[in-house]
1. Scan the range 59-69 and tell me whether some residue there is loosely packed, with under 15 Cβ neighbours inside 10 Å and either aliphatic (A, V, I, L, M) or at pLDDT below 90 (or both).
2. I'd like the full set of residues that are assigned to a loop (DSSP other than H, G, I, E, B), more than 16 Å from the chain's Cα centre (by Cα) and more than 22 Å from Lys100 (Cα to Cα), limited to the range 30-83.
3. From the list Asn84, Asn69, Asn79, exactly one residue is closer than 21 Å to Asn24 by Cα and either without any contact (Cβ under 8 Å) to a residue 60 or more places away in the chain or of a type in the set (A, V, I, L, M) (or both). Which is it?
4. Would you please name the residue that is farthest from Ile64 (Cα to Cα), looking only at residues in the range 111-133 that are surrounded by 15 or more Cβ atoms within 10 Å (Cβ to Cβ) and out of contact with any Leu (no Cβ under 9 Å at 6 or more places or on another chain)?
5. Within the set of pairs 6 or more residues apart or between chains, which connect a residue that is within 19 Å of Val80 (Cα to Cα) inside the range 15-35 to a residue that is hydroxyl-bearing (Ser, Thr, Tyr) and at pLDDT 75 or above with Cβ atoms less than 7 Å apart?
6. Name every residue in the range 92-118 that is more than 15 Å from Glu26 (Cα to Cα), free of Cβ contacts under 8 Å to residues at least 40 places away in the same chain and not aliphatic (A, V, I, L, M), in order of residue number.
7. Considering only the range 90-108, state which residues are surrounded by fewer than 17 Cβ atoms within 10 Å (Cβ to Cβ) and under 22 Å from Thr35 (Cα atoms).
8. So which residues in the range 122-133 are at pLDDT 95 or above and either assigned to a strand (DSSP E or B) or farther than 18 Å from Pro76 by Cβ (or both)?
Amino acid sequence: MRKLGSLIVLGVLITLISGCGENNREKAIAYLLGTPRESDEISIVVFNDQKLEDSFVRDLQTNIDYINNHIRIKDPIMNVNLINVKEYNPYKYENIFDLKTYPSIILFQNEELLAQFHEPKEILEYVQNEKDK
């Protein structure tokens, strides 16, 4: 009987620890971005709940190309991740980043969330505004 009680307590602790990890923002960002980036490097993560439309992907690529060729020539955007929240993920991105509508585009720099958008053109507008500051 005592072993059963110990196993139940252990099970509850494991559940609590693993549940807390699913919503850990810092760990989720580190997981998304992978290896540490250069100080000024911008990374983009696009969250979606279904297959992205070809037109969306084309607009995303066009805006990133423009940024890399005209605004951030010395420090281009090199890291872009597409994450389907309906597939298995080790973190609950919907909760961590308060994702309500899709696609959601998040810009990161130095593992810090810079901005969140829904349209690729908003990335270009943001980068242009930051350059002008």
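1. no
2. Answer for the range 30-83, where residues must be assigned to a loop (DSSP other than H, G, I, E, B), more than 16 Å from the chain's Cα centre (by Cα) and more than 22 Å from Lys100 (Cα to Cα): Glu38, Ser39, Asp40, Arg72, Ile73, Lys74, Asp75, Pro76.
3. Being closer than 21 Å to Asn24 by Cα and either without any contact (Cβ under 8 Å) to a residue 60 or more places away in the chain or of a type in the set (A, V, I, L, M) (or both) holds for just one of Asn84, Asn69, Asn79, which is Asn84.
4. Glu122
5. Close Cβ pairs satisfying both conditions: Ala28/Tyr91; Ala28/Tyr93; Tyr31/Tyr91; Leu33/Ser43.
6. Residues satisfying the conditions are Lys100, Thr101, Gln116, Phe117, His118.
7. Across the range 90-108, the qualifying residues are Pro90, Lys92.
8. Glu122
The values are calculated or read from the model by the stated rules, or taken from the named source; none is laboratory data. Just so we're clear, the structure is a prediction, and the values are computed from it rather than from any experiment. Virtual Cβ from ideal backbone geometry, glycine too; neighbours counted across all protein chains shown.
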